Amino acid sequence: MAPIEFAFPSDRWFAELVRRATEDRAAIERLGIADFRLGVEIVGEDGSPELFGIVLDGYDIQSLGHVDEAGFVPDVVLTGPIAAWQEMVDSIEANGVADIAHTLNSLSIAGVPFEVRADDAMGHDKVFRYMGTLQAIFDAAGAPTPVGAGR
């Protein structure tokens, strides 16, 4: 599968990411159900943040594009600098899936370069509970194989 043709980050890029991730319904169902509102915050070089919303509801996944955090009310926000996000996306596009140094887990577990921000412990827990599903969604940016098929 070719890289997503729209600029990263943008509403259209996230919409295409989710479209690709949900093409194979059986693969999504193998990942299991999720109930989760994820804010993806991408901090520009000038320090200005852009927040994109992704909603996982059962087996359904929806990209909301740009969102206002107060109105979206995410369970968790995964935030990091544009350079780190772009490097992750480039790795996925080049390899078909994220390599070990560019998974959401490896980039967030120590809080650098991505930080997990939540209002409560349950929200914080959800990002790691659903990490496999989230990674499968992001791997759809370059996945030559169906989501959830493994490496």
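The values are calculated or read from the model by the stated rules, or taken from the named source; none is laboratory data. A quick note: this is a predicted structure, and the numbers were derived from the prediction, not measured. Cβ atoms come from the backbone with ideal geometry, glycine included; neighbour counts cover every protein chain shown.
Quick grid of which residues meet (1) aliphatic (A, V, I, L, M); (2) touching a Phe, Trp or Tyr at 6+ places or on another chain (Cβ under 9 Å); (3) free of Cβ contacts under 8 Å to residues at least 24 places away in the same chain:
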{"residue": "I28", "(1), (2), (3)": "yes, yes, no"}
{"residue": "G32", "(1), (2), (3)": "no, yes, no"}
{"residue": "E45", "(1), (2), (3)": "no, no, no"}
{"residue": "I54", "(1), (2), (3)": "yes, yes, no"}
{"residue": "D57", "(1), (2), (3)": "no, yes, yes"}
{"residue": "Q62", "(1), (2), (3)": "no, no, no"}
query: Being closer than 24 Å to F128 by Cβ, out of contact with any Lys or Arg (no Cβ under 8 Å at 6 or more places or on another chain) and without any contact (Cβ under 8 Å) to a residue 60 or more places away in the chain, is that true of even one residue in region 5-13?
result: no
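Need at least 3 residues that are of a type in the set (D, E) and loosely packed, with under 13 Cβ neighbours inside 10 Å per element, so show me which helices (runs of 4 or more DSSP H) inside region 1-119 make the cut, counting only ones lying wholly within it.
Working: elements: 11-21, 25-31, 69-72, 82-95, 104-108.
Answer list for region 1-119: none.
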statement: Checked against (1) farther than 22 Å from I4 by Cα; (2) free of Cβ contacts under 8 Å to residues at least 12 places away in the same chain, S91 satisfies every condition except (1)
- prompt: Just one of the numbered conditions (1) modelled with pLDDT under 95; (2) within 17 Å of H124 (Cα to Cα); (3) aromatic (F, W, Y) is not true of F72; which one?
  reply: (1)
message: Considering only residues that are under 11 Å from A140 (Cβ atoms) and modelled with pLDDT under 95, which ones fall in region 4-16?
response: I4
